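Peer 1: The structure follows.
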Amino acid sequence: GDSYESLCLVLNGNYVRLATEPFQEPVTGRWINPICINPFYIQKNENGRNTMPSLEDMFFIAKMLIMMMEAGDGSGSIASNLKKVTVPVLYEALNNFYNDWIETHPTDEPRFSDFIPFLKETNYQEQSGAALAENLTLYYGKGPFAALFDGFLQVDWENDFTVLETQRMAKSPALGVVTLALFRQIDMYCKFKLARSRKKVVAVDEAWSTL
């Protein structure tokens, strides 16, 4: 219930309220817009140019996309639409997308909507990429969860104290996917940006639901 906000202010930290749509703070009356945690974000090299995600990263994104499809709108699973070849279809689409993006947009940040055309063009005999794109419509474009996933990365990890408040998403079917996307970003930050001499503690409340 925003119990960490005062401590975050004292430490000049970063207090991120995760939500699927704009909301009004009851105390200050100000409007807060959703923060995007772009799962398609990739690292840049020392020259500021995009680098190809690792095999591990692409499989992670593929599994996250499957988690999105299985979560649906929370009213029931759509896992029956998925086949044994779903992961290979997603991996091929991701591989084609990132290879093309790095060549044609060497310094731009890729987004969810940028990936969808590549998914629609990837079709196997048992699994249509277009069908998978339909299963993901809640998470990109004008979908109800698009503000969280389809945009540029807005979370700043370079603070002494960062809090990600998830209370407004407690009952959302997207919460597990949000947490998973945040795990990946924390992992990338620790690997590629955090100075070796600097120590950080990461505490994830209610992580069991995602794990």
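Peer 1: Please name all residue pairs, on different chains or six or more residues apart, with Cβ atoms under 6 Å, provided the first residue is in the range 140-154 and is touching a residue at least 60 places away in the same chain (Cβ under 8 Å) and within 17 Å of L65 (Cβ to Cβ) and the second residue is open to solvent by 20 Å² or more (accessible area, probe 1.4 Å) and in a helix (DSSP H, G or I).
Peer 2: D150/S113
Peer 1: Something else now. Taking the range 128-140 on its own, how many of its residues are touching a Ser or Thr at 6+ places or on another chain (Cβ under 6 Å) and either among the β-branched types (V, I, T) or open to solvent by less than 10 Å² (accessible area, probe 1.4 Å) (or both)? Can you show your working first?
Peer 2: At the first step, the residues of the range 128-140 found to be touching a Ser or Thr at 6+ places or on another chain (Cβ under 6 Å) are 129, 140.
In the following step, the residues that additionally are either among the β-branched types (V, I, T) or open to solvent by less than 10 Å² (accessible area, probe 1.4 Å) (or both) were identified as 129.
Number satisfying all stated conditions: 1.
Peer 1: Between residues in the range 38-67 that are under 17 Å from A133 (Cβ atoms) and residues that are part of a loop (DSSP other than H, G, I, E, B) and open to solvent by 20 Å² or more (accessible area, probe 1.4 Å), which pairs lie under 7 Å by C-beta distance while being six or more apart or on different chains?
Peer 2: F40/R111; I66/L82
Peer 1: Another question, if that's okay. Condition (residue is more than 11 Å from the chain's Cα centre (by Cα), open to solvent by 50 Å² or more (accessible area, probe 1.4 Å) and touching a residue at least 24 places away in the same chain (Cβ under 8 Å)) applied to the range 178-191: is it met by at least one residue?
Peer 2: No: the range 178-191 contains no residue that is more than 11 Å from the chain's Cα centre (by Cα), open to solvent by 50 Å² or more (accessible area, probe 1.4 Å) and touching a residue at least 24 places away in the same chain (Cβ under 8 Å).
Peer 1: Please find, among L82, L90, L65, L9, the residue that is open to solvent by 30 Å² or more (accessible area, probe 1.4 Å) and at pLDDT 85 or above. Walk me through it before giving the result.
Peer 2: On the way: L82 fails: at pLDDT 85 or above; L90 fails: open to solvent by 30 Å² or more (accessible area, probe 1.4 Å); L65 fails: open to solvent by 30 Å² or more (accessible area, probe 1.4 Å).
Of the residues listed, the single one that is open to solvent by 30 Å² or more (accessible area, probe 1.4 Å) and at pLDDT 85 or above is L9.
Peer 1: Within the range 1-32, count every residue that is closer than 21 Å to F161 by Cα and either among the aromatic types (F, W, Y) or in a loop (DSSP other than H, G, I, E, B) (or both).
Peer 2: So the answer is 10.
Peer 1: Mind checking whether some residue in the range 42-57 is closer than 13 Å to A174 by Cβ and surrounded by 14 or more Cβ atoms within 10 Å (Cβ to Cβ)? Give the derivation first.
Peer 2: From the range 42-57, those closer than 13 Å to A174 by Cβ are none; that's our starting set.
Looking through the range 42-57, none of the residues is closer than 13 Å to A174 by Cβ and surrounded by 14 or more Cβ atoms within 10 Å (Cβ to Cβ).
The values are calculated or read from the model by the stated rules, or taken from the named source; none is laboratory data. No experiment lies behind these values; they were computed from the predicted model shown. Please note: Cβ atoms are built from the backbone with ideal geometry, for glycine as well, and neighbour counts cover all protein chains shown. For the accessible areas, the whole protein counts, side chains as well, though only heavy atoms, and no ligand, DNA or RNA atoms are used. Shrake-Rupley method; radii C 1.70, N 1.55, O 1.52, S 1.80 Å.
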